[in-house]
Amino acid sequence: MQAGEPVDLFVTGTVFLDLIFTGLPAAPVGGREVLAEGMGASPGGAATLAVAASRLGVRSGLAAAFGSDVYGDYCWAALAEDEGVDLSWSRRLPGWHSPVTVSLSYDDDRAMITHAHPPPLEPDHLFSDVPQARACLADISSSRPPWVDRVVARGSLVFADVGWDATGRWDAAALRERLEGCHAFVPNAAEAMAYTGTTHPGAALEVLRDWVPLAVVTDGSGGAYAADDLTGETVWVPGLKVPAVDPTGAGDVFLAALIAGTLRGWRLLQRIRFANLAAALSVRDLSGALASPGWADVCDWWTDLERGSHLARDYAFLESVLETVEHRMFARAVPTIGFAGGHHDHDSARHGPRPTGRAGFPPPPQEPAAPPWQDAE
């Protein structure tokens with residue numbers, strides 16, 4: 001992809017250097033040193049979505065401010081050179097240091113510490129015009145980015161995201177105004193319930209589906225609830241159980257896979273199942289952008305499934321997809337930024353063969369069952 005060309009996905013936001021510590025026996029306390037079993041460094045923040053989408057074959061462009069320090073050098077090189085993310089709309093800002101987040105994983109949870117100064121230029125002011133893009137991500141937590149109206153007029157699908165409302169207002173009327181013209185809204189369960197005044201993610205979805213054509217509520221290990229007004233589909237998909245190392249960035253990986261499935265024209269049930277899978281695969285490694293799975297990782301998971309299992313039936317749609325995509329192994333987070341980043345083609349020792357037509361897998365169901373929260377009401 002040549003710099004500045006039209007992209008499949010355009011992302012704006014802040015890029016952090018993520019320093020991830022895993023395997024802590026307990027939370028740190030005053031006066032004691034805690035030894036972590038694992039550590040990794042990775043670009044994070046807005047980089048996670050851009051990298052996750054790129055690894056799934058979605059041509060991604062990113063508008064972000066990068067520091068003029070070594071951390072900025074590392075993040076820029078990792079994204080532009082190793083991951084193929086187009087940074088034509090990003091800028092290096094002299095005298096501004098890169099934001100840093102330290103993530104501590106322990107007791108099946110995590111805590112984060114961040115140090116950052118506001119950049120001299122906000123991400124939405126780094127570029128004069130947005131690229132031609134099939135889809136865009138807009139953070140509408142506190143305001144509507146000024147470029148959203150332009151891309152909506154062009155026909156781009158705008159996926160809206162929010163963060164936690166520290167003010168506690170959870171102003172639903174203001175949020176609906178910021179969602180005007182957006183294609184999708186993908187909050188987590190806590191955010192969705194707070195904005196809708198409900199007590200269950202499924203109930204929150206029933207409200208949100210009147211706000212945007214595609215509403216999705218993520219609930220971590222509880223799965224995801226989704227409704228697509230354009231196709232009339234409503235689904236709940238349970239989360240996938242995998243050995244988890246670190247959940248950092250799993251929500252961004254979910255969103256990237258959802259966008260990838262949407263751009264491929266998949267049914268809603270397939271999109272949500274694929275998004276759940278991508279998020280689950282990402283938590284098996286030191287997280288941040290570099291834990292995002294590529295198609296080789298998806299193929300390995302698919303190849304290892306027990307024939308005739310319900311998961312093999314549910315994910316049978318991957319069979320034809322995996323025959324057409326690039327199977328490539330990508331770099332993972334390492335405990336330093338001193339090593340040269342990179343990737344390499346997969347080999348049989350690390351990645352199984354492409355599917356060649358495995359008999360015995362019936363097609364996935366055409367009509368999803370009614371979501372459980374509808375039966376309960």
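Details
Quick grid of which residues meet (1) assigned to a loop (DSSP other than H, G, I, E, B); (2) touching a Ser or Thr at 6+ places or on another chain (Cβ under 6 Å); (3) within 18 Å of Leu286 (Cβ to Cβ):
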site: Glu5; (1), (2), (3): yes, no, no
site: Val11; (1), (2), (3): no, no, no
site: Phe16; (1), (2), (3): no, yes, yes
site: Ala26; (1), (2), (3): yes, no, no
site: Gly30; (1), (2), (3): yes, no, no
site: Met39; (1), (2), (3): no, no, yes
site: Val51; (1), (2), (3): no, yes, yes
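- Scan of segment 142-170 for residues that are more than 22 Å from Asp129 (Cβ to Cβ) and out of contact with any Pro (no Cβ under 8 Å at 6 or more places or on another chain), ordered by number: Ser142, Gly163, Trp164, Asp165, Ala166, Thr167, Gly168, Arg169, Trp170
- Selection of segment 149-158 for residues being assigned to a strand (DSSP E or B) and either more than 13 Å from Arg178 (Cβ to Cβ) or touching a Phe, Trp or Tyr at 6+ places or on another chain (Cβ under 7 Å) (or both) yields only Leu157.
- Residue pairs whose Cβ atoms lie under 8 Å apart, sitting 6 or more positions apart in sequence or on different chains, and linking a residue in segment 198-215 that is touching a residue at least 12 places away in the same chain (Cβ under 8 Å) to a partner that is of a type in the set (Lys, Arg) and in a helix (DSSP H, G or I), are Trp211/Arg176.
- Qualifying residue in segment 305-314 (condition: under 19 Å from Ser54 (Cα atoms), of a type outside the set (Val, Ile, Thr) and assigned to a helix (DSSP H, G or I)): no
Each row is one residue, and each column tells you yes or no for (1) among the hydroxyl-bearing types (Ser, Thr, Tyr); (2) under 26 Å from Gly265 (Cβ atoms).
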residue: Arg150; (1), (2): no, yes
residue: Ala153; (1), (2): no, yes
residue: Trp164; (1), (2): no, no
residue: Ala204; (1), (2): no, no
residue: Ser221; (1), (2): yes, no
residue: Gly239; (1), (2): no, yes
residue: Ala250; (1), (2): no, yes
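- Only one of Thr22, Thr14 that is closer than 19 Å to Val130 by Cβ, touching a residue at least 40 places away in the same chain (Cβ under 8 Å), surrounded by fewer than 24 Cβ atoms within 10 Å (Cβ to Cβ) and β-branched (Val, Ile, Thr): Thr14
- Gly220 vs. criteria within 30 Å of Leu104 (Cβ to Cβ), of a type outside the set (S, T, N, Q) and free of Cβ contacts under 8 Å to residues at least 60 places away in the same chain: yes
- Which numbered condition Trp266 misses (of (1) surrounded by fewer than 19 Cβ atoms within 10 Å (Cβ to Cβ); (2) more than 26 Å from Val148 (Cβ to Cβ)): (2)
- Residue within segment 236-250 that is in contact with a strand residue (DSSP E or B) (Cβ under 6 Å, 6 or more places away or on another chain), of a type in the set (A, V, I, L, M, F, W, C) and in a strand (DSSP E or B) present: yes
- Complete set of residues in segment 127-146 that are of a type in the set (A, V, I, L, M, F, W, C) and over 18 Å from the mean Cα position of the chain (by Cα): Phe127, Val130
- Scanning segment 66-85 for residues that are in contact (Cβ under 8 Å) with a residue 60 or more places away in the chain and touching a Ser or Thr at 6+ places or on another chain (Cβ under 7 Å) yields Tyr71, Cys75, Glu83, Gly84.
- From the options Ala138, Ala160, Ala133, residue that is in contact with a Lys or Arg (Cβ under 8 Å, 6 or more places away or on another chain), in contact (Cβ under 8 Å) with a residue 40 or more places away in the chain, more than 19 Å from Leu205 (Cα to Cα) and small (Gly, Ala, Ser): Ala138
Residue by residue, here is whether (1) within 13 Å of Thr248 (Cα to Cα); (2) in contact with a Pro (Cβ under 6 Å, 6 or more places away or on another chain); (3) surrounded by fewer than 16 Cβ atoms within 10 Å (Cβ to Cβ) holds:
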site: Leu9; (1), (2), (3): no, no, no
site: Gly31; (1), (2), (3): no, no, yes
site: Ser42; (1), (2), (3): yes, no, no
site: Arg55; (1), (2), (3): no, no, no
site: Ala77; (1), (2), (3): no, no, yes
site: Glu83; (1), (2), (3): no, no, no
site: Pro94; (1), (2), (3): no, no, yes
site: Asp107; (1), (2), (3): no, no, yes
site: His117; (1), (2), (3): no, no, yes
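- Residue count for segment 93-108 under the criterion of being in a strand (DSSP E or B), more than 13 Å from Gly288 (Cβ to Cβ) and either of a type in the set (S, T, N, Q) or touching a residue at least 40 places away in the same chain (Cβ under 8 Å) (or both): the result is 2.
- The listed residues are Thr218, Thr262, Thr199, and the only one of them that is farther than 30 Å from Ile113 by Cα and of a type in the set (S, T, N, Q) turns out to be Thr262.
- Under the condition of being out of contact with any helix residue (DSSP H, G or I) (no Cβ under 8 Å at 6 or more places or on another chain), small (Gly, Ala, Ser) and not in a strand (DSSP E or B), the residues counted in segment 109-148 number 4.
Rule-based calculations on the coordinates, nothing more; no lab input. This one's a predicted model, so the numbers in the text were calculated from it and none came from an experiment. FYI the Cβ positions are ideal-geometry reconstructions off the backbone, even for glycines, and counts take in every protein chain you see.
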